[in-house]
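The values are calculated or read from the model by the stated rules, or taken from the named source; none is laboratory data. Quantities reported herein were computed from a predicted structural model and do not represent experimental measurements. Please note: Cβ atoms are built from the backbone with ideal geometry, for glycine as well, and neighbour counts cover all protein chains shown.
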Amino acid sequence: VMNDISLRDWQFRTIEWTQGKIWEATTPVGPYVVTPDEVGGVRPALQVTTTVDGEVMQQDDTGTLLFDPVFLVRYISTVITLNPGDIIATGTPAGVGNARDPKVFLLPGQTVVTEITGLGACVNKVVAG
C-alpha cells in the first residue's frame, strides 16, 4: 500500500511534475510489501480506497490500471537499473483533490488512510512542513 502524496505548490512550478513528488517523508508505504504470487498474479482486482478523515476520496481496483505492471518494469528498466526492493508507483485512482471542483488539499491534522483490501492500510497524519 502506497500513499502518493504530492506537493502541488512545487509540482506546478513547471510542466515537469517530478519536483512535487520527490520530497522526503511524502510517500509512505506499508504496512506490507508483497510480491505478485502473494496477491494472485501481476494484475489482480484488489480494491483500493483512500479516505481523508473518514471521507472516501478515491476508490477503484488494481484491475483497472492504465499500464500493465510487467510493461512498466520492462519500460522503466530501459531508463534506470531496477534493484530488488525497488517500488514503482503506478498512478492513482480518480478523485485526487487537485482535480476536484472545488479543489481539495490536505491540511495539518487530517488523517489519510490508503487501503488495499486484504493487504492492510497505510495510515498517516498530515503535519505542517
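Quick notes on this structure:
- Breaking point among (1) surrounded by 11 or more Cβ atoms within 10 Å (Cβ to Cβ); (2) free of Cβ contacts under 8 Å to residues at least 40 places away in the same chain; (3) more than 15 Å from the chain's Cα centre (by Cα); (4) under 18 Å from Tyr32 (Cα atoms), for Gly118: (2)
- Selection count where residues are among the β-branched types (Val, Ile, Thr), at pLDDT below 90 and exposed (fewer than 15 other Cβ atoms within 10 Å of the Cβ), scope the range 88-115: 2
- Inter-residue pairs, beta-carbon under 7 Å, first among the charged types (D, E, K, R) and in the range 90-104, second surrounded by 12 or more Cβ atoms within 10 Å (Cβ to Cβ), 6+ apart: Lys103/Gly97
- Qualifying residue in the range 27-34 (condition: surrounded by fewer than 11 Cβ atoms within 10 Å (Cβ to Cβ), on the phi > 0 side of the Ramachandran plot and small (Gly, Ala, Ser)): no
- Among the criteria (1) among the aromatic types (Phe, Trp, Tyr); (2) under 17 Å from the mean Cα position of the chain (by Cα); (3) over 14 Å from Val1 (Cβ atoms), the one Tyr32 does not fulfil is (3).
- Qualifying residue in the range 35-56 (condition: out of contact with any Leu (no Cβ under 9 Å at 6 or more places or on another chain), of a type in the set (A, V, I, L, M, F, W, C), surrounded by 16 or more Cβ atoms within 10 Å (Cβ to Cβ) and closer than 27 Å to Phe12 by Cα): yes
- Taking each residue of the range 11-36 that is over 19 Å from Ala99 (Cα atoms) and looking for partners that are surrounded by 11 or more Cβ atoms within 10 Å (Cβ to Cβ) and basic (Lys, Arg) with beta-carbon atoms closer than 8 Å, six or more apart or interchain, yields Thr27/Lys21.
- Here Phe67 meets each of (1) at pLDDT 85 or above; (2) among the aromatic types (Phe, Trp, Tyr); (3) farther than 26 Å from Gly118 by Cα with one exception, condition (3).
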